[in-house]
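**Q** Please see the structure below; I have some questions.
Read-outs: derived from the displayed coordinates by stated rules, not from any lab. Because the structure is predicted, anything quoted here is derived from the model rather than measured. Here Cβ is always computed from backbone atoms with ideal geometry, including for glycine, and neighbour counts include all displayed protein chains.
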Amino acid sequence: MFNVQGAKVPQDLLKRPESWFAEQSRQWLIQVREDARKLLTDPLLKNVEAEAEFGDGEPATEIARAVVEHEIDLVTVVTRARKRLARAFSGSIAEEIVAEAPCAVLAIRPPQREFVEQVDGKVEIRLKRVLLATNFRPSSVAATSIATQISNHTHAELHAVYVIGDYFDQFSAMFPEGGLAALTRLRSYVTERMTHLARTDGSRALTHIAEGRPYEEIVRLAVKTEADLIVIGTAVHNSLFGGSPVLGSEIERVISNAPCPVLCVPAARVLTPLPAFVRQAVPT
């Protein structure tokens with residue numbers, strides 16, 4: 001468990017005596033300590049080796065640093081709804097973490113469909129359906145690999161979707177002959193690639209081709225198939241206003257609107273099936 005605060009938090013916070021918190025300037029640390037203790041004693045972590053670590057500074061930057069320092073394979077973050085004006089000018093902390101983390105990030109937005117259950121004192125991962133959102137670019141290679149391996153490991157039904165963006169319709173309207181020809185070629189290409197994906201050894205994917213706004217079609221299919229997990233490849237770009245790298249708007253909207261957790265896999269990582277994870281470079 002990694003917690004980032006705006007001020008310095010001692011790493012041995014959980015071991016500090018009650019008398020240490022008597023000073024007024026340390027009162028706020030009592031809640032930090034209680035939250036950490038509550039999480040560490042969660043029944044879901046009963047048979048898991050867990051420890052708390054604290055950092056200070058910008059959350060996304062500090063978490064990315066901790067990922068490298070401790071060779072972390074998976075980060076789990078919780079997203080929260082934001083007002084429209086806030087969304088227009090900046091991404092959420094969770095989205096910043098997804099953009100900066102050098103490993104896969106599982107984004108959860110309560111209340112969502114859950115796939116971790118405690119049965120007879122044991123924690124079980126129960127994935128029935130996994131939805132892979134792909135565009136066949138290098139950024140989706142790692143996501144395709146982990147989605148396939150997760151579905152095989154958990155015996156989950158794997159669905160793969162490619163969304164032909166609605167901008168092709170707009171392009172065709174502006175340039176009827178060239179636009180329609182390009183759209184026809186793209187449809188043929190996508191059909192061929194999806195057919196190949198469905199036939200790939202170890203995949204057994206049920207494929208879907210949709211046309212429209214990418215995030216809307218991905219979310220709509222996740223609802224329709226009752227997906228327990230969406231897996232999507234991520235690529236980041238420089239912010240229009242400078243500063244930290246940011247996600248594409250479609251990925252941000254998938255995270256914000258998905259009915260289930262979203263596993264965001266950066267292009268430079270391939271993960272083995274749960275629960276063991278290893279890293280491997282992906283050709284680009």
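**Q** Please list the three semi-axes, largest first and in whole Å, of the ellipsoid equivalent to region 1-57, using sqrt of 5 times the eigenvalues of its alpha carbon gyration tensor.
**A** So the three semi-axes of region 1-57 are 21, 13, 9 Å.
**Q** For D42, D228, what's the fewest-to-most ordering of other Cβ within 10 Å of each Cβ?
**A** On the way: D42 12, D228 24.
The most exposed by this proxy come first: D42, D228.
**Q** Using the 10 angstrom Cβ neighbour count as an exposure proxy, how do E211, E226 rank, fewest first? Mind dumping the intermediate values first?
**A** Numbers: E211 17, E226 13.
Ranked by crowding around the Cβ, least crowded first: E226, E211.
**Q** Near R193, within a Cβ-to-Cβ distance under 15 Å, what is the net charge of the other residues, with Lys and Arg +1 and Asp and Glu -1? Before the final figure, lay out the partial values.
**A** Values: positive: R137, R185, R187, R199; negative: E192.
The answer is +3.
**Q** Mind checking which of G57, I30, P43 is farthest towards the positive end of region 1-57's charge dipole, using Cβ charges of +1 (Lys, Arg) and -1 (Asp, Glu) about the Cα centre?
**A** I30
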